[in-house]
Amino acid sequence: MEWFWLVPAIPFFISIKSMTQQYDYELSFIVRDYECDLQGVVNNSVYQNYLEHTRHEFIKTIGLDFADLFSRGILVVVARVDLSYKTSLRSGDSFVVRLRVESEGVKYVFYQDIYRLPDEKLCLKGIVTTTSLINGRLSVSPEITEALKKVSKARLSNE
């Protein structure tokens, strides 16, 4: 039953603390067989799918809708991805993707970490830098910036 791979997310207003990091959102998954390579570990490219899906689910929780933004000429695009692989995931492993987001001018930087469950073993550290194009031009989207300011404010109030 493939549809069981997602576990309900924690709303972004609840900050998740690890030993040194505070996060804005997390989403749980279970590794599926077809995501693994011949070595029996999750293929390196699949980790980006996990990160992307988590960002998209997070964006929904803060009231943004990619389809609506696109219909108004606002595109959010990935500009850079930096991944540091730490420990491999295997078929059947439960894990969580946690993220924190910062707005830096025209950049929206997502700090995303993947932890295996239940031992909280760090599997991947990622930084995904995105930006917005409005009617084809690199621009700050006031709508996105305002939504992310609310996230930062909620995080700061929980520190």
Quick one: Karplus J couplings for the range 131-147, per residue in order, coefficients 6.51, -1.76, 1.60, θ = phi - 60°, nearest Hz, x for Gly and Pro?
8, 10, 10, 10, 6, x, 10, 4, 8, 7, 8, x, 5, 5, 4, 5, 4
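Can you sort LEU51, LEU156 from fewest to most other Cβ atoms within 10 Å of each residue's own Cβ?
Ordered from fewest to most neighbouring Cβ atoms within 10 Å, LEU51, LEU156 come out as LEU156, LEU51.
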By count of other Cβ within 10 Å, fewest leading, how are THR131, THR61 ordered?
THR61, THR131
Expected 222 nm ellipticity per residue - DSSP helices of 4 or more, -39500 (n - 2.57), all of the chain, to 500:
-8000 deg cm²/dmol
Residue-wise, which Karplus ³J(HN,Hα) couplings in Hz belong to the range 69-86, taking 6.51 cos²θ - 1.76 cosθ + 1.60, θ = phi - 60°, and x for glycine or proline?
4, 4, 5, 9, x, 10, 10, 10, 10, 7, 9, 7, 10, 10, 10, 10, 7, 10
I need the calculated FRET efficiency for the pair TYR111 and LEU38, taking r as the beta carbon distance and R₀ as 25 Å, to the nearest 0.05.
0.20
If you only keep lysine pairs separated by 8 or more in sequence, or across chains, how many in the chain come under 16 Å at the Cα atoms?
8
At 7 Å along the Cα-to-beta-carbon direction for both LEU83 and LYS125, put a label point, then send me their distance in nm to one decimal.
1.7
On alpha-carbon atoms, Rg over Rh for the chain using Kirkwood Rh?
0.98
Least to most buried among ILE30, ILE114, ILE59 (fewest other Cβ within 10 Å first):
ILE30, ILE59, ILE114
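Every number here is computed from the coordinates shown, using simple stated rules; none is lab data. These numbers were taken from a predicted model, which means no experiment stands behind them. Cβ atoms come from the backbone with ideal geometry, glycine included; neighbour counts cover every protein chain shown.
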